[in-house]
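Peer 1: For reference, the structure I am asking about is given below.
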Amino acid sequence: VLNGLQQKQFLFPQTVVELEECLKERDIVTAHPALSPVPASGLPSKASTPHGGKANGAVRLDKRQIEQRIEEDRERHKRARESIWAVGPNNDQELEKLWEEVSEIGEDDYLGGEEDTAERYRMVEVE
């Protein structure tokens with residue numbers, strides 16, 4: 001994939017080399033987690049097996065940590081979606097918000113509209 005993007009000149013050769021190196025490092029860490037300097041979660045694990053060691057080299061989180069992460073994800077998602085509903089009850093405000101977010105109309109938009117209209121007429125004739 002990377003070579004294909006390089007051939008199409010979407011990526012520079014140096015970028016492809018850097019990405020391949022990152023992928024090789026990731027494959028090594030995935031195959032041998034003990035070689036990773038940082039646990040997969042990015043946080044040190046406090047949970048351990050009953051014998052005091054880590055379970056098979058894997059990072060384990062206790063139930064409280066998992067619930068905290070789930071709750072943080074919910075809050076983050078909620079805040080990200082608040083802007084969608086931050087429009088007042090007046091329909092003009094919603095129209096203005098949408099109008100500001102949309103890009104300018106180009107010739108390809110008109111062409112696409114004409115094609116859609118022609119297809120709709122063909123479908124109506126068939127039925």
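Peer 1: Taking a 1.4 Å probe, which of ARG122, ARG69 shows the most accessible area, and what order do the others take after it?
Peer 2: Result, largest first: ARG122, ARG69.
Peer 1: Moving to a separate point now. Solvent-accessible area of GLU101, probe 1.4 Å, all protein chains present, reported in Å² to the nearest ten, please.
Peer 2: Surface open to solvent at GLU101 totals about 120 Å².
The values are calculated or read from the model by the stated rules, or taken from the named source; none is laboratory data. All values reported here derive from a predicted model rather than from experimental measurement. Side chains are part of the model used for accessible areas, which takes the heavy atoms of the whole protein and leaves out ligands, DNA and RNA. Shrake-Rupley method; radii C 1.70, N 1.55, O 1.52, S 1.80 Å.
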